[in-house]
Amino acid sequence: MIVQEEFLKKLRTAFDLNIYEVKIWTALLSRGLATAGELSDISGVPRSRTYDVLESLEKKGFVLMKLGKPIKYLAIEPNEIVKRVKKVITQSVDEKIQSLDNVRSSKLFEEIQSLYSTGINHVDITLLSGAIRGRNNIYSHLDTMLRTAEKSVSLVTTSDGFIRKLPLLEKVAKKNKDIKIRVLTQLNKEAKDMIKKINPNIKIKETPDIHARFVIIDNKDLMFMVSDDKLTHESYDNSVWVNTPFFASALNNLFEQAWNKIK
């Protein structure tokens, strides 16, 4: 049986299997029922490793061992495997979340929080900055910034950027009704459809003249993206975060001028 390497790679990623496991599994799927020796011949996996691999697949719920002589292995229907894998992942995630929740209420967390507070007090405010790479990381840090917002959020972004950031803005607007959230952006059709049911605390003005991507929080925290999101793959998107009341206030004054000029 010849299976394309790209196909095997996708299966490994999707089901979290090693290369021997995915080769034996696909070989069994192609036969439905087979002995370990037959699967070794079909897949090219060394016979000395085949039994260990089959045992691993059995524990993960991918195959069934059929009793008899010789011992044969039965493939399980793929849809059932997806359900099993999802269940295992969900249980694992729930356990990790519970473990983290337990840490937050423990003395251990108090100690690491104390270490952070002690350390951050020694840091010059001009050093509170960082470069962030990858859109997932950028949005994780943006979420953290927004959760600390108390008075204002000023955002300049693209249509696609606005669509991606809207769920984060909605959470802030729902949590703090007194916060001033304003967005300058271009609006494509999808974005225009979304603002029809947007939280009224989020004010939006459309401008085709400003091509930038940045957010200012409470006139002190600034994050700006260094490239056009239409020309940059999300993995290579880059941003810079700075805690700088001086520059953030100055940039926010420019934002105010642009905001007031637009009807």
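The values are calculated or read from the model by the stated rules, or taken from the named source; none is laboratory data. Quick caveat, the model's predicted, so the values are computed rather than measured. As a convention, Cβ positions derive from the backbone with ideal geometry for all residues, glycine included, and neighbour counts pool all protein chains shown.
Can you find a residue in the stretch 189-209 that is hydroxyl-bearing (Ser, Thr, Tyr), assigned to a loop (DSSP other than H, G, I, E, B) and loosely packed, with under 14 Cβ neighbours inside 10 Å?
Scanning the stretch 189-209 turns up no residue that is hydroxyl-bearing (Ser, Thr, Tyr), assigned to a loop (DSSP other than H, G, I, E, B) and loosely packed, with under 14 Cβ neighbours inside 10 Å.
Just one of the numbered conditions (1) exposed (fewer than 12 other Cβ atoms within 10 Å of the Cβ); (2) touching a residue at least 24 places away in the same chain (Cβ under 8 Å); (3) outside any loop (DSSP other than H, G, I, E, B) is not true of VAL85; which one?
That leaves (1) as the condition not met.
Can you name the condition, by its number, that LEU74 falls short on among (1) assigned to a helix (DSSP H, G or I); (2) in contact with a Gly (Cβ under 8 Å, 6 or more places away or on another chain)?
(1)
Inspect the stretch 174-182 for any residue being in a helix (DSSP H, G or I) and over 19 Å from ARG133 (Cβ atoms) and give the result as yes or no.
So far as the stretch 174-182 goes, yes, one or more of its residues are in a helix (DSSP H, G or I) and over 19 Å from ARG133 (Cβ atoms).
I'm trying to understand the selection: among the residues of the stretch 207-221, which are over 25 Å from SER129 (Cβ atoms) and touching a helix residue (DSSP H, G or I) at 6+ places or on another chain (Cβ under 9 Å)?
Correct list: THR207, ASP209.
Of all residues in the stretch 138-158 being in a helix (DSSP H, G or I) and free of Cβ contacts under 8 Å to residues at least 60 places away in the same chain, which is nearest to ASP218 (Cα to Cα)?
ARG147
Of everything in the stretch 148-188 that's over 18 Å from ALA212 (Cβ atoms) and in contact with a Leu (Cβ under 9 Å, 6 or more places away or on another chain), which residue is surrounded by the fewest Cβ atoms within 10 Å (Cβ to Cβ)?
Per the criteria, the residue is LYS171.
Can you spot a residue in the stretch 36-44 that is under 31 Å from the mean Cα position of the chain (by Cα) and modelled with pLDDT of 90 or more?
No; the residues of the stretch 36-44 include none that is under 31 Å from the mean Cα position of the chain (by Cα) and modelled with pLDDT of 90 or more.
State whether the residues of the stretch 244-256 include one that is surrounded by fewer than 17 Cβ atoms within 10 Å (Cβ to Cβ), outside any strand (DSSP E or B) and under 26 Å from the mean Cα position of the chain (by Cα).
No, every residue in the stretch 244-256 fails to be surrounded by fewer than 17 Cβ atoms within 10 Å (Cβ to Cβ), outside any strand (DSSP E or B) and under 26 Å from the mean Cα position of the chain (by Cα).
All but one of (1) part of a helix (DSSP H, G or I); (2) farther than 22 Å from SER227 by Cα hold for PHE162; which doesn't?
The number of the failed condition is (2).
Look through the stretch 210-226, keep the residues that are in a loop (DSSP other than H, G, I, E, B) and not basic (Lys, Arg), and return whichever of them is nearest to the chain's Cα centre (by Cα).
VAL226
Kindly indicate whether THR244 is assigned by TED's automatic domain parsing to the domain that holds ARG182 and touching a Leu at 6+ places or on another chain (Cβ under 8 Å).
yes
Quick check: is even one residue across the stretch 251-263 among the small types (Gly, Ala, Ser) and farther than 20 Å from TYR139 by Cα?
So far as the stretch 251-263 goes, yes, one or more of its residues are among the small types (Gly, Ala, Ser) and farther than 20 Å from TYR139 by Cα.
Name the one entry in LEU74, LEU67 that is assigned by TED's automatic domain parsing to the domain that holds LEU28 and either at pLDDT 90 or above or among the β-branched types (Val, Ile, Thr) (or both).
Going through LEU74, LEU67 in turn, just one is assigned by TED's automatic domain parsing to the domain that holds LEU28 and either at pLDDT 90 or above or among the β-branched types (Val, Ile, Thr) (or both): LEU74.
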